[in-house]
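Take a look at the structure set out below.
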Amino acid sequence: MILRNGTHKGMPVRLDAALAAEDRGSAARVSRAAALLAVLTVVGTLGFAWIEDLALVDALYMAVITLSTVGYQDVAPVTAAGRIYTVVFIMVGVGVAFYTVVAVAEFMLEGRLRHLMGRRNMHRSIESLRDHVIVCGFGRLGRSVVDALEEAGSAVVVIEAEADLESQLVQSGRLCVTGSALDDSVLRAAGIERARSVVIATPSDADNVFIALSARELNPDVAIHARAETDAGSRRLRLAGAEQVIGVHAIAGQRIANAIVRPAVVDFLELSRVGGEAPIDLEEVRVGAGCALCDWTLADLVGRGVHVNVVAVRRDGKTQLSPAESETLRAGDRIVVVGDKENLGRLATLAQGSNAAEAST
C-alpha cells in the first residue's frame, strides 16, 4: 500500500477499551445505587407501616422524608420502637442516598469531561493535518469514499450534519466535524485551507454547488470532486470550479454495460481500485520537486531497478499516452504506471520531493 499524499502525525486512535470499561463501570455503580435506594425505600415503607401502624401512603412519605433528611412535620414516629427503627433507617438510608447522588454526579461529570476532552483531541488532530482529504457527507457514497481513501493510507476528515453519526465516526477512529458543510466555519474546522482535496458527496445538487463555491473561495488550490444527481447539476458544479463531477447513476450504468460488452477491459481497470489486493496495481505517482526522479528518462527507471510500465505522463494539464523511453521526468509530473507493489513502492519513495523527505525525518 502506497502513501502517495498527505498523512498526519499519527492516525486517529480507536476508542480506548479502558475508557469504555470505565463508562460501563460508572453506569453499573449508578444502577446498583439506584436499585439499593429503591429497595431501602420499600423496606422503610413496610417497616413504618408495621411499627407505627400507618397507611402505606403515610409510611412511604415517612420513608422518603427520612432518606431526604428534610425533617418531620405532620407525620412523625410516636412509639419507642418506631423511633429506634427511624434512627437505624437514617444511619443506613442517608448513606445510601448520598452514595447514589455521588454516583450519579460522577457518571454525569465524567461523561461530560470525556466528551469535551475527546472533542479537544479531535480538534488538535485535525489542526495537525496537511494535504488531507475532506469528505462532505457520510452517506453510502461518502462512506465508500472514506473506506477506500483509508485503505490507500490517506488522511481523511469527515463533515457530517447528522449529529447521530458523530459517535459512530468517533468509535470507528475517524476524524470528523459535526455540522453543515454549507457553513464556512465548519469547512475551516475541517482544515479546508490546508486540504489537498475535497469530496462533496451530499445528495443535493444545490448544496453541492454551494459547497464547491465555498471550498474554492477558502482554498483556491484545492481539488474538488463532487457528486451530481442531474445533468444540470453536473454543468453548474463544473462552473463552480469542480475538477471532477461524478454522476453516480450514470457511472454505475456505464460500468455494468462495459462489464457485459468488454469484460477484459473492466478486469484490467480493476487494477486501479484503491486498496485492491491484486499483486499488480495501476498507480499514479507525482514527481516531487528535488526528488531523485527529476531529470531521469523513462529508460533510466528499469536501468536503476524500478521495473514498472509507464502508461501515461501528465504535464501542464496535458496527458501523453505511451510516452517514449527517452521522455525526461520533471518536477510536478504525474505518471501513471503499472507494476507490482514492491516496485511501485520503490517508485513512490524515489518520487518524494525534498520537502516530503524533510517532513518524514
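Since every read-out is calculated from the coordinates, none of them should be taken as a lab result. Treat the numbers as computed from the prediction; the structure is a model and nothing was measured. Here the Cβ is made from the backbone with ideal geometry for all residues, glycine too, and neighbour counts use every protein chain on show.
Given the convex hull over the Cα atoms of segment 129-255, what projected area results after averaging over all orientations, in nm²?
7.3 nm²
Among 196-203, 172-179, 323-330, what's the highest-first ranking by average C-beta atoms within 10 angstrom per residue?
196-203, 172-179, 323-330
Kirkwood hydrodynamic radius of segment 279-360 from all distinct Cα pairs, in Å?
Hydrodynamic radius (Kirkwood, Cα only) of segment 279-360 equals 12.6 Å.
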